[in-house]
1. Translational D (Stokes-Einstein, µm²/s) of region 1-148 at 4 °C and 1.567 mPa s when Rh comes from the Kirkwood sum over C-alpha pairs?
2. Could you order the peptides 163-173, 135-145 from most to least packed, using the average number of other C-beta atoms within 10 Å per residue?
3. What whole-number volume per residue, in cubic angstrom, does the convex hull of the C-alpha atoms of region 179-295 give?
4. Please report the Cα spread of region 1-88 along all three principal axes, rounded to whole Å, starting with the longest.
5. Is any residue of region 24-65 close enough, with backbone N under 17 Å, to a label point placed 7 angstrom from the Cα of residue 124 along the Cα-Cβ axis, and if so, which?
6. Any idea what angle helix 148-169 forms with the longest principal axis of the chain, computed on alpha-carbon atoms, 0 to 90 degrees, nearest 10?
7. Any idea what angle helix 16-29 forms with the longest principal axis of the chain, computed on alpha-carbon atoms, 0 to 90 degrees, nearest 10?
8. Before anything else, pin down the relative contact order of the chain: Cα pairs under 8 Å, at least 6 apart, normalised by residue count, whole percent.
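The numbers here are math on the coordinates, done by the rules we state, and not lab data. No experiment lies behind these values; they were computed from the predicted model shown. Because the Cβ atoms are built from the backbone with ideal geometry, glycine has one as well, and the counts that use them run over all protein chains shown.
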Ligand code: F6P
């Protein structure tokens with residue numbers, strides 16, 4: 001008999017349900033007796049012992065379902081060691097819940113912050129297996145995270161739709177894509193959607209270069225320009241500021257987000273009409289694309305295999321087209337970022353895409 005705890009933490013994404021289904025199916029199909037404890041709303045469920053016993057039926061029909069059947073929440077790692085508002089030691093409470101339920105292991109689905117806490121629980125003696133989710137694809141130790149491809153599809157659809165209206169009106173359009181620290185989503189959706197300019201956090205932009213690229217297109221007879229801009233796109237000047245200075249500057253900004261600031265600068269420098277579209281959380285919503293369904297199911301099945309073998313302390317990831325197990329302490333606390341010198345950036349530039357650098 002295996003007693004498995006499971007939770008989904010952090011921002012949700014597509015294919016969380018597909019991944020959990022993969023874990024549970026592979027365990028149940030092995031013939032092993034299993035009890036599944038589903039903790040509700042991420043680590044909060046583990047802290048406050050808020051869980052639901054899950055059966056076969058809970059995992060039936062959820063392959064295509066977006067969101068997470070367990071609910072999720074953000075429990076920042078920064079404050080995980082601080083007591084809650086009632087003085088409860090959160091880490092201690094999680095350990096107690098695990099031991100009280102006599103769990104054999106905890107399956108945790110999450111992104112960067114989630115992995116730091118998962119690793120902390122491992123350091124405190126818990127058996128943990130994790131699965132890499134996030135639309136940002138910024139998790140260290142895996143080439144791919146589930147949710148990413150579905151989000152690329154949605155952001156690309158958005159750029160596709162903007163294309164027709166942009167060309168009718170001869171306007172400049174900015175599509176703001178999710179990703180505060182990392183630009184994989186913007187880069188991929190930008191290339192797929194035929195964006196003319198792509199601005200990502202890893203390549204600080206010079207507004208004059210952005211304007212130059214717009215003017216260049218006009219000279220060549222293109223009436224419109226589309227920019228794919230990451231939420232965390234940053235100008236060359238701002239990139240020189242310290243974290244604290246940047247935060248202070250952003251707090252005082254009159255713009256709702258970076259795209260509006262860029263739009264204003266373009267308007268002032270060119271006199272052109274600029275419109276901003278923010279697909280926002282639609283990028284995390286809806287059904288997972290087929291790639292994510294397959295990918296998350298495979299990762300889930302491999303996680304089930306690790307649990308059956310009693311191999312704990314790993315994230316199930318994807319490297320060089322193989323499903324691999326990556327030690328949690330290698331994953332926790334590191335970001336995977338777009339390398340400005342990578343071939344995809346070079347190829348995008350060969351296609352004439354400007355990064356404003
Ligand atoms: O989970 C990743 C992500 O979607 C980022 O791309 C985005 O910047 C952030 O979460 C939004 O967070 P929240 O849902 O808490 O507003």
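1. 84 µm²/s
2. My ranking of the peptides, most packed first, is 135-145, 163-173.
3. Once divided by residue count, the hull of region 179-295 is 129 Å³.
4. 42, 30, 17
5. 39-40, 42-51
6. 20 degrees
7. Value to nearest ten degrees: 30.
8. 24 percent
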